[in-house]
Amino acid sequence: MKRCCLVLTAIIFSLSASAVSAQVKFPSGCRDLGHAFQYGDLILDPSYAKTSQTLFFIYNTSGHDILIRKEPKQKYIPSYSNVVHLGEWGSFAMDLRQLKLSCNVVYSFNPKDLREPKEVSPVDCSSVLKVCEYNNAKFAEHNKGSYWVMQSNTLKKSILGSIQSGILLRS
């Protein structure tokens, strides 16, 4: 029964996401590269053109908030946990060679901390996310590393937030 519900949830998300994903347009200079979807997970695997630092823009195509976090099996790496709200973008700076992230639908949040998901269910990342990479972005020394530059916002505000944090987005 539980497996049937997961399959049904995946089908519903695929149908709702397909209408939205046809309309997704990546920002200028952000390319559909540096990532893959494998067994339901999102694998960020930067294409590093000239530097060891890159920037990913991640769009939530689903009809729900999506919790993105690292696989629990990867030791000594922070969780990089973040909720990207429906129809919004997150931007993630990365200096790691590779990072495996899982996706979960958020059904409710902790009433004491509305940023903390309470009820979640796994979902296939490829059915709820669109990802692009600014593989030619220029980072100042003070903002290198792997972190969420913008957690969840409109595309315009995610771009402006990345620029205001000192990241030069080059085509």
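Bear in mind these aren't lab numbers, they're just calculated from the coordinates by the rules spelled out. For clarity, every value in this text was computed on a predicted model and none was experimentally measured. Here the Cβ is made from the backbone with ideal geometry for all residues, glycine too, and neighbour counts use every protein chain on show.
Going by a ≥ b ≥ c, the root eigenvalues of the Cα gyration tensor, does segment 53-119 fall in the rounded group (a/c under 1.5), the prolate group (a/b larger than b/c) or the oblate group? Taking the square roots of the gyration eigenvalues as a ≥ b ≥ c, segment 53-119 is oblate.
Remark: spin-label model distance Lys144-Tyr39 equals 3.3 nm, labels positioned 7 Å along the Cα→Cβ axis. Extents of segment 102-171, taken as max minus min of Cα coordinates on every principal axis and listed largest first, are 38, 29, 23 Å. For Leu129, the shell of other residues with beta-carbons less than 14 Å away shows a net charge of -3, using +1 for Lys and Arg and -1 for Asp and Glu.
Net length available on complete extension from Lys156 to Lys112 is 12.8 nm, with 0.36 nm assigned per residue and the Cα-Cα distance removed. Charges on Cβ only, +1 for Lys and Arg, -1 for Asp and Glu, centred on the Cα centroid of segment 43-157; of Ala140, Tyr107, Leu96, which one is farthest towards the dipole's positive end? In segment 43-157, that residue is Ala140.
Full extension of the chain between Leu96 and Tyr76 yields a length gain of 5.9 nm, computed as 0.36 nm times the residue separation minus the alpha carbon distance. State which entries of Lys70/Lys144; Lys70/Lys112; Lys112/Lys144 exceed 26 angstrom in Cα-Cα distance in the structure shown. Long pairs (Cα-Cα over 26 Å): Lys112/Lys144.
Across the cross-link table entries Lys75/Lys156; Lys25/Lys138; Lys75/Lys130, which are compared at the Cα atoms, the separations over 32 Å belong to Lys75/Lys156.
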